[in-house]
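Here is the structure we will look at, set down as structure tokens.
Derivation of every value follows stated rules applied to the coordinates shown; laboratory data play no part. This one's a predicted model, so the numbers in the text were calculated from it and none came from an experiment. When we count neighbours, we look across all protein chains shown, and the Cβ atoms used for this are built from the backbone with ideal geometry, even at glycine.
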Amino acid sequence: MERVSEGVFVEAGGLVVTIAESNEVRAAVRGREARAPVATDLRAALIAADFDIVAELDLTADGRPLRGSARPELAVAIGANEGAVLLIETAGGVLHWALPEVRDEGTAQRRGGRGGLARFDLTQVVGDTLEPPARRGPVLDWIADKLIDPVRTIVLRFVVSKAIDVAVQRIEGDNPTGPVLIRDIDPSQWVTAPIGDTLPQGRPLRILLMIHGTFSSTVGSFGHLAGLAEGRSFLDAALSRYDLILGHDHKTLAEEPRANAEAILATLTSLKLPSGSTIDAVAYSRGGLVYRVLAEELLPLSGLEATLGSAVFVGCTNGGTNLAEPQNWAAMVDTYTNILVTGARALSAAVSGGALSPVVTVSIRTLGRFVQMFSQVAISERRVPGLAAMEPDGELVRRLNRAGAQPAPARYLAVTANFEPRMQAGKALSTELAGFLADRITDRLFAEDNDLVVHTRAMTEFGDRKLEPAAVHPLDDGEIYHTVYFGEAAVAQVLASWLTPADGLTRTLDANAGPRRRVSLPGSARDLSRLRRGPGAALLESPATLPAPSAPAPVDRFIAAEMESYPVIERAANVYVTVSPESVIALASATASQARITLDSALPLDVALIPHCNCAVRGDAVRSIDVAEPGEQVLRFTIDGISPGSAELLIEARQGNATVASFLLAPIFVAQVQAPLSVSQPLASPELAGGDFPVLRIYEFYGANGALTLRFDLICDKPAYAESGESTLPPSFDLRSYVLDTLDEIEAAWTASGSAVPGSLAAQEAQAAYATFIAAFRARAIVRTNEIVPKALRETLWAHRDEIKSIQVISQEPLLPWELMYITDPSGKSNEKRGFLTEWGLVRWLHGVRPAGRDLVRDRMRTHYVIPKYLDPANTLSGALEERAVLKGHFPDIEKVTPTSLAVQDFLAEPHGCELLHFACHGIAEQRAVISADLLMEGLPRNGNVLDDRLSADQVKTTLSLAPDACTLVFLNSCQTGRAGEGIVGVGGFADAFLRPYSRNGAMAFVGALWSISDSLSLTFVDAFYEALLAGATLVEAAALARKACADGSDFTWLAYTVYGNPMARIVGAIGEQAQPERLRK
């Protein structure tokens, strides 16, 4: 393959490939010599969609039959977190998105050396666009005949969002949402804004709702009314008739229609409409489903004293649309791209010379981000809530159209159309585009009357509710397709006849409203910033001669989050997240921890808000910024309190699969305004925080009814895969009892097993009992896992089981023993047993903690132990002396910490750089009284007796303050210390206390036991664990080797240990740091 541009390679195969001389895309109507100004706007929209325009190429035939040549192929160099697509434009202005056939890992590396090539088969790419529906004979020769005019190919690269749900949220992430006030016939004045107190008082009001469609907004859907005289006349009459014309911008992909309808209802409720008020509506496309959920399901239960009048459904998906089905998404984006651009050219030519308006560029931007998302996932993994709602056989469509439904709550009216693909110069529809639409859409997907997006019959599907002929206005001239309804005089006229009849009713004009102005459509798009910058053209050379990619420039950043400490419950609260190259100054009442840390400038920084308790995020919960941009950047999020009282909000900043910062805000929702709350934290270095292993983040949400919802986000960078899902447990589910029953089951079996001489009858009986128990426990673990972990997540883990050597679980809820979950084949086809998740290499971490690094030692190994010599003989640990000797053998310079609670607290409070702190003692962490979780020290003599001297988890949490750069491993080798429960203000237990102390300077790794453990086998675990670490094993490898060493077939100690940290952490400078993994496994 030859390089034709930086990062772009071509196998010509009978095509001539050249760098495009002009950056403009050809006009839609063939025969026009002038280039259309739409090209600049189209490229601006692509840049706004976070595409990097790598190159623009022209493809032409070289005169030889393509059939005898090598297959034409194009390849794009991409980084590990990047993808690529092509946007093809052929004769007649036909636009077509092309996805790569395959991604070759490790070839033509970019940005850090972990990239590959995205390959495109040009015969398929061009053939999809040009091939006639019933063509027989050699396709390649036919394509060559058509390539008389160059085929323009725009090569696009973009940053990949691994988590599907995160990618879906990002598609519409920066699109405005909220009520849109229409007080003027000029669409440039239709903006999202609070309604205020401008409505008349003391009488019923007349409201007109205008509900927009998919990939659009209020202005994008209805703004074309202002471009024709009939439309302006209708708007003028409506402004006179109605007290308020209200649009409501909302997300059409990331949110279901019900969420959109709930937002509209909240706005209507806030108006406090007088009794007898009337609400009419115009709904377009998907907006019809939003209106029906509002009118048929929400309003009857809302208590809103208003009457629903007329509802006009224009090209609505009442019966769904085939394009919403995942296997048809490629056809959908091609269709929408072409009809949006073509329709905009036709409708705005008289106003802005044919340029795309900013509204259309926003739609193209949304489409581009949608292409980025679905190009990275298999059809079976595609799920977008807003689109799923429009599937003809989807739950929402079936529910709304079910037999026996109540009569329509409003006067339902409908505007329908049937489009006939043919050349229409007046609508910028070329012969080629008409043929493309006929072949790809009307013939293949619909095979009956349609407007290119919706079946005509589906526009009037209301279940048993049949519309009278007078209630349906068919546009039967064959010229109307889905995106041009409101640019048609006939549509404006029928809206006027149905909604603004000459009945003498007019509204009282507000004296402060100002005069209505005539339309002045803006003609240029807003140039949004982009995350990637495109390289220029380069001379031809082969991939082998490419210079090594330069490393991305590192950047230093700080992050801080701020909100009101006591937000008012009646209104939304703002959360500001600031990312700055300078130290972020916190308020006097804030806690802060700052340091200058290096980030990867080639990766975006994703900031996510996760409501943990008593709050909900309004609008976008995840946003991205370009850390390479200079200066301070501020993200604003909005949250709502659910009820007065304390709330918790987790904020995470991520690069790739690595959490580089996380912290918790705990506002209290009240009725009065107080001082702000501010928390700041340095961003950790990704190379310390991430790894080539899957990361499973688990978030917990408690609903108003007390039900616990677990949210799962699984991301892996190499190999690249992601999955998300939720499980809502019933309100009757008692988490604490559930966990206790599981652990008590094991502990009872351990207690009953006792001890026996190896080879004796008792030992044989113990092994038989163990085998019986473990089989029964495995079966119950499978059932528990299937109940709690979503099936899609289990399917992804199972599909990648051979690749997974370690998995990191990051959660807020430490009660659930994730180590004891058991994944099997979700399809039920395989009986293969892969073990408990602890055998998969599960390593934990906690939300709200600095990311676990890979280094456990920075310079000299400083080690300490706490092993009491109990004054009370009844508490003697038989293996304590042996354990001390094992520690001395591995760490000759290990130092003793006096085993009293006061001495240990003094030690913990000293900001030293201890790399290892090992406890061997009795531990008590009662789940039903977790605030008494204690480690038993050597005891206090008094009057001839010995009093218990307990070190509590609370004492550790309040006193521990390690050096900020400490890489400490804490090992608690005692019964029950690994259990963590809920304390008074959150999670308790020693894992939380050592990792998440109040000082925020906690340990970097933690190992403890979940239940009572065998003295002898716990010693075996300790010995094998430290031996492996010192030989160069990672944390997860050392834990696996230690478990294997103490798995004797009759005891559960090997399952007892829970490990927190970075799975890839290892002792830097250890004796065997370069030791071969093969030797370790032996």
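So the values come out like this:
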quantity	calculated
Charge tally in the Cβ shell below 10 Å around residue 826, where Lys, Arg are +1 and Asp, Glu are -1, residue 826 excluded	+1
Sequence ranges 464-472, 50-58, 77-85, 948-956, ranked by mean other-Cβ count within 10 angstrom, highest first	77-85, 50-58, 948-956, 464-472
Pairwise FRET efficiency - residue 707 versus residue 236, Cβ, R0 = 56 Å, nearest 0.05	0.65
R0 of 51 Å, Cβ-Cβ distance residue 198-residue 457: FRET efficiency to nearest 0.05	0.75
Label-point separation, residue 965 to residue 393 (7 Å along Cα→Cβ), nm	6.2 nm
Sequence ranges 824-830, 232-238, 402-408, 967-973, ranked by mean other-Cβ count within 10 angstrom, highest first	967-973, 232-238, 824-830, 402-408
Protection proxy ranking, peptides 5-14, 903-912, average beta carbon neighbours within 10 Å, highest first	5-14, 903-912
